[in-house]
Each structure stands twice: as structure tokens, then as C-alpha cells.
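Every number in this text was worked out from the coordinates using simple rules, so none of it is lab data. A quick note: this is a predicted structure, and the numbers were derived from the prediction, not measured. Note that we place each Cβ from the backbone using ideal geometry, even for glycine, and neighbour counts take in every protein chain shown.
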Amino acid sequence: MTAENRIHQLRAELDQHNYRYYVLDEPSVPDAEYDRLFNALKALEAENPHLVTPDSPTQRVGGTALAAFDQVRHAVPMLSLGNAFEEADLREFGRRVTEGLDLPSADLLDDGAAVDYSCEPKLDGLAVSLLYRDGQLVQGATRGDGTTGEDISTNVRTIRNVPLKLQGSGWPDELEVRGEVFMSKAGFERLNAAQAEAGGKTFANPRNAAAGSLRQLDSKITANRPLEFCCYGVGQTSAPVASSHIDTLEQLKAWGLPISRELRHAAGIEECLAYYHDIGERRNALPYEIDGVVFKVNSLASQRELGFRAREPRWAIAHKFPAMEELTEVLDVEFQVGRTGAVTPVARLRPVKVAGVTVSNATLHNMDEIARLDVHVGDTVIIRRAGDVIPQVMQVVLDRRPTDARAVLIPSQCPVCGSPVERTQLVKRSKGKATVSEGAVYRCVGRLSCAAQLKQAIIHYVSRRAMDIDGIGEKSVEQLVDEGLIRSPADLYTLTYEQIVGLEGFADVSSNKLLDAIKASQRPTLARFIYALGIPDVGEETAKVLARSLGSLARVQAALPQVLTYLPDIGLEVAHEIHNFFEAEHNREVIAQLLDSGMHLQEEGELAAEFAASTTLAGLIGKLDIPSVGPTGADKLVAKLGSLEAIIAADGIDLRQALSAKPADAVRTFFQSEENQQLAYAIEAQLLDFGMHWSSEKKTAEGLPLAGQTWVLTGSLERMSRDIAKEHLEGLGAKVAGSVSSKTHCVVAGPGAGSKLTKANELGLKVLDEDQFIGFLAGHGMGV
Ligand code: IVH
């Protein structure tokens, strides 16, 4: 096949995939296959530059930057729409339509004779016009003032779902289509994240992002923005396309133009209203933002009959949804203190309704965000409540800043306890060096002496996924702290009946219940206990990893950061957080008190085999992060010198036998430092102390009694929560699955067990009732 034929074939194939993907929403090949075809085309075109045509799928990359956009006069003006905000407005529109068409009023009509409307979402982007001549895209223009717009041809060509040439046949020689260029919510988030990362400008909403991206003089920038197009009508055409609006759009779709998948017919205004409510309910779930829906009289003959009033068609209307953005004023900025002491600025706002909900506060996240937004007290700001997301301050309206606006400063003392507030340091560790920079977060250094941190710490400690102490809510925690009855989580265990019964909302029964619940929490699994401590960056999963891998609190407390990084999913930063937490004197005191209060941790004792087997001496060398020494270098060192002592003692000549000059010198320099030697020995000693052996052989989790087994819990357990049962099983090495299969090893069935039990019996699986299960656990040293 000639290169030219192959190029044509590849383009046809890519066009077809694009059409299936963007217009029909039915991807036909995996992305990788598409990329392969695309790259093949690019390569062929590079070899044969004379065969490159403007409609090739490779030509969406943008061209040379313009000095200014040319003007384009619209042959048919681009009009705007009248708005309906209330149902009554829409009914009024319907009445005008029936009157204008000389039909009997709606209530005199049979259903079947009602006016046929098209319903479409009103996308929140910018209107553009695309001109196709002989099926080729020749021009793209903005709406401008409706009569004259700007020539953005190079930019629209970069939008992936704008066809560069039409498909099929039968299109008019000249076809101007109109539609909205917009950015999906996901595209917007991605773009903003990338902009923020690069220190660039972020956009307040997808609409602004779409506008800013489309009106770039440098189309190469547009090419990298996630813009999309949706067609909602035609402008000038050399021949009619169809006799109704919906048929027109369906025809455009067949020619390869993307139209809305929400396009529907409605017979009469009541059905239009039903469409409005249906889309309104799904608004948050749609992948793009809409500000309403658009209803149009479907018959083009009727549209002509109705005509226009001023600059609005009498045959169409936009029915708007409540706005997601509003203007309001920043009355004050207050600072809240969280569990880890982070001091977070919160804007107190003049209450304003946004999309039906009254908003009077918005988080400002941190001081960097305040600086980015340049928020002052007294400013008028744009508040946005997208979907179910908490309200955000998007932008300051600088024109409206009053002369007495006040800059926001971080307090130097904690607003709750008066302790100093310090800026966090970001420590970046690489190549054996730690570089410190300023973080965005400020912290109150008061820890548990700060009532705000203490309250949050206790609320976290008693929460369901932590120590699961029932019968104590946020209100009671506040009271206990405010009355000085509790100064650390350990004080929970010394609370007396008299102290509790004196609290608001507590009577005899509830007080005893709380005391029982506190007592019952004294046999937690190690993982729960670690999670409950509230170590920064240690969630449930990390707590489980620590407990499972290290097996005892003593080891977790003593673990060096470099040793912690041997564990799955623990990076150096988190490792340092954990280490620092256990190093801090006041944390050690609280832990000691907790253990003294009768706490009995269900430790798993055995070190997880996966951890024990994962250490090698070369791995240890790697952890030291010696400059220029990678994994291969570490392997070579160990192979040549055998032990840590030998490596530390080696002179330049020995080292150069194992490594090339640069890394050899780096190793020597590194170990000339006494501190580094100590560190290496300490890591080695700890690894060995934790029961590790230098090994190259791979061991599995065989150490544990239920390793390799899958268990299923079903029905309700009465003497133990399901979470606990699951933890026990996992502690013994089992996997706990949600459904029964022939691979299931055992099913624990409490009262009320249903189909899973039936299936287990059908498959002849081992089934334990709750008593048997508890007996089984007891046999493995696990109490209830
Ligand atoms: S029809 C003569 N349909 O809303 C009718 N407009 O307020 C022209 N828009 O400038 C517009 N989705 O940017 C129409 N499905 C839709 C629309 C839509 C969004 C925008 C468009 C237009 C503005 C009119």
C-alpha cells in the first residue's frame, strides 16, 4: 500500500473512532489502540509532509500565536434567550406560544394536539459558530455582540470533539452550526490542579475556564485545555437540513457533530416542567455544569410563524436553575483549631442563599489560600456551592473593596488556649539531606493542653472506628473538658459515676451505660489503639499496617523512621510523623497513663512474615539514601563486602572495587560521619531486634494460623460487632470476604443469616454459629 493510501486509511479509522467516542458515546477501541493508530499516522505524516492536510486528526495541536483575533460578521445574528425563573414564567411562555400559533389555549387542547417542544440542557459555557464548507471545517467564531464575533478558527480546531470534516453525505455546501464550548467538571478540576501546581492562575468556575481557554491568542495553549463542544442548532445554511429542530440535531449528529444526550421531546408545557425537574434532580451528577434547560418549539414552520421580539426568539426560552454562585460580604475571618492543632481560617459571611441553601460560613483552608485569594475582611466575594460540596470562596470582587477593608493575619497565639501558633515546616528528604521549607499550615503548639485539640482528640478517641465508646457524644466531651474532668484520653478511665451523672443529659441508666462502654473499650486490637491515638497522617489503614507488621505497641513506639519505611504504603514523611509522635514527651506520658489504666491491647505478637522477609542488607543501604548510590550500587556493595561493618570500615580502595569512583567516594564520605554510622547500626540493630533476618528467600504470611483462608461473616453477631470479628479474623491471617463461593473456607453465621448461609450449606462449607466462633477465637488467644 502506498504511504498516501495508508494515511487515508488511518485517518478514516481515527475519524470513525472519534465519532464513536465523542458523538455516539460508545468507545470502540481501548485508548492504547487509538494512540497506536494516531502515532502511526503522525510518523507517516512526518515522513511525508506534503500529504499533511488541515483535516487530519493530527492537526489539533494549535498553530502560531496570533497578535489579535480577526472579526467575523455573522450572516444570521446569534441571539440570546429569554429567561424563565418560576413555573409561572414558563406557563406564560407556553400561553404566548399557543396564542402566537393561533391554537386554542392549552386547557382546551387534547393531549395529542399539544405543542411539541424540544428540551435540552442549557450548558454553561460560550456560544460559538462553526462554518463547514463542502463538509470541511473552515471557520470558528465567538458570538461577540451577536452581530460580530471573533475568528477563533485555529482554537476550535484543537477541540477534540469538533469534527474537522463531516461524515456521511448530504450536507449543505455551506453549513453553519452553533453550539456551546464548555469544560466538564472533571476537566475543570484537573486544569485548576495543574495550574495551581505550576503556580499559574486558577479559574473560578468551569465557564471562566472555558472562556479563558478558548480566547487564547496562542492556540497551542487551547490545545492543552480540556474543552468540549455541544451543538444546539444551525445558523446560515445553503439548504434546509430538516423540518424540525430535533430532526435537525439528529441529522447533525449523523454528520459527526456532538449533540446533547439529554435531548428530548415534550408534548406541552407540563412535560417541559417534568423535564426541568428531572434534570434539576440530576444536575449534580451530570459531568458538566448547566444553569438551566432550554425549551424550543420543535417545528421550524411554527418557529418562523412565531418569529422574534427584539433580540430574543418567541419560540424558545431558558428555564433557569437557582444560581450556584452568589455575591456576599466577608464579615469576619475567625480561626478554628483542629485535632492536630492546625489553625484554620473560616470566613463568616453575610448569610446568602446559594442554590437554595443559606450559607454563612466558608472555609478558607489556610493562609496560602487567603494570600492567593487576597481576601480582606469587608470584601465582597463570590461564593460557590457546587453540588454537595461545602461552600467555597472563589474570588474577591476587588472593585468593591471598601477603604477600611482589613487584611487577615494569622494570630500569634491560639484563640482557644493562648499557646504560641507556629508555622509548620515542610521537610523534604532526599539524597541523605533534609531541606526545610515553610508549610501552608500553622499549628497551635498547646496539644492536649489546648481545649480545642483536647476535645477533638477525645472525640476521635471514642469514635466508632477508634475505641468505639458508645454513649458519649460531642456535647458530653465538651462538658467533660470544660469542667476540667478530663485532661487527656487516659482520664476517661478514671471517670466516676458521680462525675458523669452530674453532666447534662445523663441520668442513672445512661451514666452506668457509659461507664460500661468505657470499661468494654479496654481490650482493643493494637490497630484500633494506634488509630485512636490520632497520630497525624495515620488513618485506619496505616494503623492496621503498623499493628500487623510490627505486632506490638513497644515496637511501633520504638521504630525508627527508616525501619517504618519497610512497611507497605508508609513513606518517609509519614514515617517521620509517626516517629516524632512517639518521641514527644507528652504523648509518651498519655500512652503510659492509658496502659496503666487497665488497658489490655490485643497484640498479634508475631511479626508479620511478609515484613520479616522483606529486609536485605542492600535494602538497608538503600534506606540510607547515600548520594549516587542506587539499588544496583547497594547490591554490589553487599556482594563485595558482605556486612555493614565491612562497608563502614572499607577504605577508598575497597569501595572502588565494588563501585565506580563517584559512588565509592560518596559512600566513604557518608560513613566518615559518626552520626551516619550510628544511624546505620541503629537501623540494623532494630531490624534484627524485630526478628528480621537478612534474607533473600521469600516467605509468605504462613506464620499465621488462617493464612490463605477466606472467611465470610453473615447475619448479626450479638456478642461482638462485625468490625471486631473481622479484625480478629484478619489478625489471624484470614481474608474476610463479602460473598460466599466455593473458595470460602468458613462462614460465621449469626441470627438472621439468609442467602449466604443457604449458599454455604449448598456448597457444603464449614459453618460456625456465634458461640462456636467465639470459642474458636478463644482457642487462638482472642477474647471478646
Ligand atoms: S439556543 C436563538 N440552546 O445560552 C437561540 N442556547 O441565553 C439561541 N446555551 O448564547 C440559543 N445551551 O450560549 C441554546 N441548548 C441550548 C443552549 C444555549 C446553552 C447558551 C448559548 C446562548 C445562551 C442564550
In degrees, nearest ten, helix 269-282 long axis to first principal axis of the chain (Cα): 30 degrees
Roughly how tilted is helix 87-100, in degrees to the nearest 10 and between 0 and 90, from the longest Cα axis of the chain? 20 degrees
For Tyr232, list long-range residues whose amide hydrogen, built 1.01 Å from N in the peptide plane, is under 5 Å from its own amide hydrogen. Arg178, Gly179, Glu180
Could you give each residue of region 165-175 its phi-based ³J(HN,Hα) in whole Hz, using Karplus coefficients 6.51, -1.76, 1.60 with θ = phi - 60°, and x for Gly or Pro? 9, 7, 9, x, 7, x, 6, x, 3, 10, 9
For Ile410, put the label point 7 Å out on the Cα→Cβ axis and report which residues of region 422-445 keep their amide N under 17 Å from it. 422-428, 436-445
Roughly how far apart, in whole Å, are the Cα centres of region 507-557 and region 57-74? 62 Å
Quick check: the angle from helix 3-18's long axis to the longest principal axis of the chain, C-alpha only, nearest 10 degrees? 80 degrees
Can you list the aspartates and glutamates whose alpha carbon is less than 19 Å from that of Lys544, not counting same-chain residues fewer than 8 positions off? Asp468, Asp569, Glu573, Glu577, Glu603, Glu604, Glu606, Glu610, Glu702, Asp723, Glu727, Glu730
√(5λ) per eigenvalue of the Cα gyration tensor, region 434-591, largest first, Å: 31, 18, 12
Proximal lysines to Lys42, defined as alpha-carbon separation beneath 30 angstrom and excluding residues fewer than eight positions away on the same chain: Lys165, Lys220, Lys253
Percent antiparallel among DSSP beta bridges (both partners in the chain, rounded to 5): 85 percent
How large is ³J(HN,Hα) for each residue in region 119-135, as worked out from phi by the Karplus curve 6.51 cos²θ - 1.76 cosθ + 1.60 (θ = phi - 60°), to whole Hz, x for Gly and Pro? 10, 9, x, 9, 5, 9, x, 10, 6, 9, 10, 10, 9, 10, 10, 6, x
Dipole of the chain, positive direction: furthest Cα of Pro104, Leu175, Tyr276, with charges on the beta-carbon: Leu175
Neighbour-count ranking for Met78, Met599 (other C-beta within 10 angstrom, fewest to most) reads Met599, Met78
Which of the peptides 732-738, 44-50, 171-177, 585-591 is most tightly packed, and how do the rest follow, going by the mean number of other Cβ atoms within 10 Å of each residue? 171-177, 732-738, 585-591, 44-50
Could you list which residues have their amide H under 5 Å from that of Asn161, counting only those 5 or more apart in sequence or on another chain, with H placed in the peptide plane? Phe229
Run down the lysines and flag those whose C-alpha is under 29 Å from the C-alpha of Lys636, throwing out any fewer than 8 positions away in its chain. Lys428, Lys431, Lys433, Lys623, Lys662, Lys698, Lys699
Calculated FRET efficiency, Asn580 and Ala301, Cβ-Cβ r, R0 60 Å, to nearest 0.05? 0.20
The extension gain from Val427 to Arg588, computed as 0.36 nm times the residue separation minus the Cα-Cα distance, is 55.6 nm
May I ask for the Kirkwood hydrodynamic radius of region 290-356, worked out over all distinct Cα pairs and given in angstroms to one decimal? 16.4 Å
Any idea how far apart Glu99 and Glu483 come out in nm if each label point goes 7 Å out from Cα toward Cβ? 7.0 nm
Where does each of 202-215, 150-163 land if you order them by average Cβ count within 10 Å, highest first? 150-163, 202-215
Cα centroid distance between region 738-784 and region 468-494, in Å? 37 Å
What ranking do Lys296, Lys726 get, fewest neighbouring Cβ atoms within 10 angstrom at the top? Lys726, Lys296
Where the only charges are on Cβ atoms (+1 Lys, Arg; -1 Asp, Glu), what is the dipole of region 543-591 about its Cα centre, to the nearest 20 debye? 280 debye
Using alpha carbon centroids, what distance separates region 318-352 and region 381-412, in Å? 7 Å
What residues qualify as long-range amide H neighbours of Tyr566, i.e. H under 5 Å apart, gap of 5 or more or another chain, H built at 1.01 Å from N? none
Hz values of 3J(HN,Hα) by residue in region 758-775 - Karplus curve (6.51, -1.76, 1.60), Gly and Pro given as x: 4, 5, 4, 5, 4, 7, x, 7, 6, 10, 10, 8, 4, 4, 4, 5, 5, x
Hey, if you drop one equal point scatterer on each alpha-carbon of the chain and run the Debye formula without solvent, what base-10 log of I(q)/I(0) do you get at q = 0.07, 0.08 Å⁻¹? -0.83, -1.03
Projected label distance in nm at Val352 and Arg261, using a 7 Å step from Cα toward the beta-carbon: 3.4 nm
Distance in nm between label sites at Glu674 and Asp218, each 7 Å beyond Cα in the beta-carbon direction? 5.5 nm
Of Leu249, Met720, Ala65, which is farthest towards the positive pole of the chain's charge dipole, taken about the Cα centre with +1 and -1 on the beta-carbons of Lys, Arg and Asp, Glu respectively? Ala65
Given 0.36 nm per residue, what is the gain on full extension from Val76 to Ala186 after removing their alpha carbon distance, in nm? 36.2 nm
